[in-house]
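Here, each number is a calculation from the coordinates, and none is a lab measurement. Computed from a predicted model, the values in this text were never measured in an experiment. Cβ coordinates were reconstructed from backbone atoms using ideal geometry, including for glycine residues, and neighbour counts include every protein chain displayed.
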Amino acid sequence: MSTGVLPQELLPLYDSLNHELIWVHAKWQVYRQIFASSQEDFDLLNRSAPFFFRVLQQTLFEDVLVSICRLTDPAHTGEKQNRSLAQLLERLEPVAPAPLFADLSAGLVEIGRGSAAFREWRNRRIAHSDLSTALQVTEDVLPGISRADIETVLSGMRDFMNAVSALYFDSETAYDHFIAVSGGDVLLRMLHKADESAREERERYELELRNSMGGKSA
């Protein structure tokens, strides 16, 4: 139940973070729909346009990593303020109940630990190009990142934002249940139909070819 009112000056930051976290989940949903559904779908992508889907897979994956890094950046970089969860936490400190602030602080520490590898990717490969990493002449290789790693961090970010909204708005957002009427699942259905149509066309052609060759006189 709501037990407080979020100060008016914090609403723009809260709303911006909320919208960005929804958008990150939407992009991650598309990634999972296309590239993490089944081996059958993966084979379909390789039959359809392998280079295009390889580019799309890498682009989506890295974009999600960068988006998470932005949201989990410190409150400040030098003299600049960042639009991040840490910025919201800093501004909540004077007004939030002590138990909520303690929970949010602990949650943010865990999110930071979970996203440490993402930050390495952003700093050494995506946003910047570390020379030794790019030329593969360093023993300090980039850490692996699994879909489960991303899911864990997103779960922590959902808990953080929903703890705030539960207190101040008496509500929660189902970030991980984003509904899109034209997401990656729609694309896969269309590709499956096109693939089936192409298969039937090949079979008709092969049958007609066999029939024409069988009808020739010796």
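For region 8-177, build the charge dipole from Cβ charges (+1 Lys, Arg; -1 Asp, Glu) around the Cα centre, then report which of SER132, ASN162, CYS69 sits farthest towards its positive end.
So the residue furthest toward the plus end is SER132.
Using the crude model of +1 on Lys and Arg Cβ and -1 on Asp and Glu Cβ, and no other charge, please compute the dipole size for the chain relative to its Cα centre, in debye to 20.
Values: 22 positive and 32 negative charges, 138 e Å.
The calculated dipole for the chain is roughly 660 debye.
Springs between alpha-carbon pairs under 10 angstrom, Gaussian network model over the chain: which of ARG147, ARG124, ARG202 fluctuates most?
ARG202
Assuming R0 = 45 Å, can you tell me the calculated FRET efficiency for the pair MET190 and ALA163, based on Cβ-Cβ distance, to the nearest 0.05?
Details: r = 40 Å, r/R0 = 0.88.
E between MET190 and ALA163, to the nearest 0.05, is 0.70.
If you plug each phi of region 167-176 into the Karplus form 6.51 cos²θ - 1.76 cosθ + 1.60 with θ = phi - 60°, what whole-Hz ³J(HN,Hα) values come out, in order, with x for Gly and Pro?
Once θ is set to phi - 60°, the couplings for region 167-176 become 6, 9, 10, 6, 7, 9, 10, 7, 4, 7 Hz.
Between SER37 and LEU131, what is the label-point separation in nm under the 7 Å Cα-to-beta-carbon projection?
Result for the modelled spin labels: 4.5 nm.
Over all directions, how big on average is the projection of the convex hull of the alpha-carbon atoms in region 8-177, in square nanometres? If you can, show how the numbers build up before the last one.
Details: hull surface 47.7 nm².
Directional mean of the projected Cα hull area for region 8-177 stands at 11.9 nm².
Apply the a/c threshold of 1.5 to the C-alpha gyration tensor of region 116-218 and tell me whether it is rounded, prolate or oblate.
Oblate is the answer for region 116-218, as a/c is 1.5 or above yet b/c matches or exceeds a/b.
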